[in-house]
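Student: For reference, the structure I am asking about is given below.
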Amino acid sequence: MPIDHSSHEALERSLQEIDWPALLRRPYTPSPAAWEDQVLYFLMLDRYSDGNERGYRDLDGHPAATGATPPFRFPDDAYTADRPAWADAGNQWLGGTLKGLQSKIGYLKRLGVTALWVSPVFKQVASDVHAYHGYGIQNFLDVDPHFGTRQDLVDLVDTAHAQGIRVILDIILNHAGDVFGYEHNPERYPDGDGGMDPRWDGAPYPVAGWRNAYGEANLPYAPLDPGTHGHAWPNDAVWPAELQAAANFTAKGRISNWDHDPEYYEGDFVSLKDIHHGEHGRDAGQRRIVDAFQPSPALNALCEVYKFWIALADVDGFRVDTVKHMEPGATRYFVSVIKEFAAALGKENFFLLGEITGGREHAYTTLELTGLDAALGIADIPDKLDYLAKGWREPADYFGLFRNSALERKASHVWFGRHVVTLFDDHDQVRKGQDKARFCGDKTNRGYLHLKAALGLNLTTMGIPCLYYGTEQGFDGAGGDDRYLRECMFGGRFGSLQSTGRHFFDEGHEIYRFIADVAELRRRHLPLRRGRQYLREISETGEPGSFGPPRLIGGRIRAVVPWSRLFNNREILAAINTDADQARSAWVTVDHALHAAGEALTCLYSTDPAQIGGKVGVEARNGKAVYLELPAGGFVVYG
């Protein structure tokens, strides 16, 4: 059933109704000096917290005595749910709210998080019972009532800022939700059951009309007259009213070939309707001229929409969805408008993070063309990070990702630390097709035993590290579609480890404690955030001629994998052990010029607490080297 929005009658229906002078009276939080200093945390809002948990620690660190949901206890509560019913629940709205997230800011701060990336909060198509993910927007100017209200968002950001945590909103420019229906014409792309499957073939489809709150396409496909269609507010059609012109949508059916240009620019994202952003000029070869791009009224309207959310909620950045499917000129135009507006509010380093699929070279080219600040570590970065920690990827391939002078066609090395967000767990795992699994859901490779090594890589190698919610509690979702990557932190009907009715805000969990410790180490030591990076050579014996980069042997590596971060003549040495079954040791090369034989490096952190504070001597081997011993599946840092 549609949700009652009677309390939202006072909201703006048009961009013309926004009272900008009143909106801009509040003070705004300046941007951080460097985003590579941050630790990001991505969460699916519907799956995070409903505010009804008992026994978690509140903002001040005190156990919450109210609430009905008790904490999860392993193994008693694990794998107790009926699998089919549990899985069915995972494809529906489950109840996470902005207020629930606000109540967990203390949990996140103590974890070491400094920036929240929150899945889309905007009002979804009311008839879509599966729109919990937030990517099917019906009203771009409102918060979905499942999540709360605009004021709840403002309160969340204010609470986060008071604790030194930034907030990044996930936003969508490429498409709206399934807000209109095509005319029924089974002669064109029939679906095999007598219906119609509108797929892109380069030509527009006739549109039957805007959908109402029940999903019926029975409203005129044109700007709606409040006098005759006042009932369309707030659940029907698309809002704000400026988006209701038919020319705002390409209306060419869904994408079938995700790599065909112009299909992936013009087609609908499955049922989500593609927005027309404007026109590029063309050269003699019919290639787009980005400099000649002309924005459409729809793109200008969306620029105003997202300026509104910055002004209202004081957010610190946007993660821009599906950038591959937007014309580069449209992305660049949006980036310019938003950067200027944010700078006028004192947010000189407002963060714009793009989801750019299509390969690393395409991602970096897009960054240069558009002015986006960073790209998500799509495809090769998560793959190599994930499977290096498990011993199935060449270390040089992962570390080589961050030295990409060939991609930039420049003579000298370019360090991409500030332009890449690195993560290995996420909400859709495009790289894995239909074989989805969180890191710990990989039972074949015993993911949990390698998790600290993966997190050590993520938090102390180059890039802006991003944690995916639940990783800190060992979530192990796996299955045939995205839902299995989106378990509920608050338990409910779809708790992780196939549980129900138990929450996972356990600050004593060994992975939570590990992340908190390493994040604090990262905060204290600048080289771990901004330093240059080198994969180091190793040797079992330390004899001359025996050193070389760690590498696969017989398709697998079970060894110490070390790297250095260097900044301002200071070296921090870190290493993982890809062998989860036994301790490993090796001589490890360090910077020859920065160290003298006879000096010592101190263990700043180890997964074996007995090693912390201990020292290793620098010896004249392969230039200079130290002897490291790592516990099984372990992680160490020396400096």
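Just so it is clear, none of the values below were taken in a lab; they were calculated from the coordinates. Predicted, not measured: the structure shown is a model, and the values here were computed from it. No Cβ is skipped: glycine too gets one built from the backbone with ideal geometry, and neighbour counts run over all protein chains shown.
Student: From the backbone phi of the range 288-305, what are the Karplus-calculated ³J(HN,Hα) couplings (6.51 cos²θ - 1.76 cosθ + 1.60, θ = phi - 60°) in whole Hz, Gly and Pro given as x?
Tutor: For the range 288-305, the Karplus curve yields 5, 9, 4, 5, 9, 4, 10, x, 8, x, 5, 5, 4, 5, 5, 4, 5, 4 Hz.
Student: Using Cα pairs closer than 8 Å and at least 6 residues apart in sequence, work out the relative contact order for the range 276-353, in percent.
Tutor: Reported relative contact order: 31 percent.
Student: Follow-up. Separation of the range 545-609 and the range 418-432 by C-alpha centroid, Å?
Tutor: 26
Student: Here's another thing I want to ask about it. So what is the relative contact order for the chain, in percent, with contacts set as C-alpha pairs under 8 Å and at least six apart?
Tutor: 13
Student: Straight distance only, please: which lysines reach the Cα of Lys624 with their own Cα at less than 22 Å, same-chain residues fewer than 8 apart left out?
Tutor: The reachable lysines, counting only those whose Cα sits under 22 Å from Lys624, are Lys615.
Student: Mean residue ellipticity at 222 nm from the helices of the chain, using -39,500 (n - 2.57) per DSSP H segment of n ≥ 4 over the full residue count, to the nearest 500 deg cm²/dmol?
Tutor: So the calculated ellipticity at 222 nm is -6000 deg cm²/dmol.
Student: Between Asp142 and residues 5 or more places away or on another chain, which pairs have amide H atoms under 5 Å apart, with H built 1.01 Å from N, and which residues are they?
Tutor: The answer is Lys123.
Student: Calculated from the structure, log10 I(q)/I(0) by the Debye sum over Cα atoms at q = 0.08, 0.09, 0.12 Å⁻¹ equals which of (1) -0.61, -0.77, -1.31; (2) -0.69, -0.82, -1.31; (3) -0.69, -0.80, -1.14?
Tutor: It is the one labelled (1).
Student: Distance cut-off 30 Å, Cα to Cα: go down the list Lys109/Lys347; Lys339/Lys436; Lys324/Lys432; Lys104/Lys452; Lys339/Lys432; Lys123/Lys324 and report the pairs above it.
Tutor: Flagged as over cut-off: Lys339/Lys436; Lys339/Lys432.
Student: Continuing with this model, one more query. Counting only GluC sites (Glu not before Pro) that sit in a DSSP loop (anything but H, G, I, E, B) with at most 10 other Cβ atoms within 10 Å, what is the longest stretch of the chain containing none of them?
Tutor: Answer - 188-639.
Student: Show me, for the range 506-522, the HN-Hα J-couplings you get by feeding each phi into the Karplus relation (A = 6.51, B = -1.76, C = 1.60, θ = phi - 60°), rounded to Hz, glycine and proline as x.
Tutor: Result, ordered by residue: 9, 7, x, 4, 4, 6, 4, 5, 4, 4, 4, 5, 6, 4, 5, 4, 4 Hz.
Student: When you count, for each residue, the other Cβ atoms within 10 Å and take the mean per peptide, how do 530-536, 84-90, 323-329, 478-484 rank with the highest first?
Tutor: 323-329, 530-536, 478-484, 84-90
Student: In sequence order, what are the phi-derived ³J(HN,Hα) couplings for the range 306-317 according to the Karplus relation 6.51 cos²θ - 1.76 cosθ + 1.60 with θ = phi - 60°, rounded to whole Hz, with x for glycine and proline?
Tutor: Using θ = phi - 60°, the values come out as 7, 5, 4, 5, 5, 5, 6, 10, 6, 5, 10, x Hz.
Student: Where a ≥ b ≥ c are the square roots of the eigenvalues of the C-alpha gyration tensor, would you call the range 528-638 rounded, which needs a/c under 1.5, or, failing that, prolate if a/b is larger than b/c, or oblate?
Tutor: rounded
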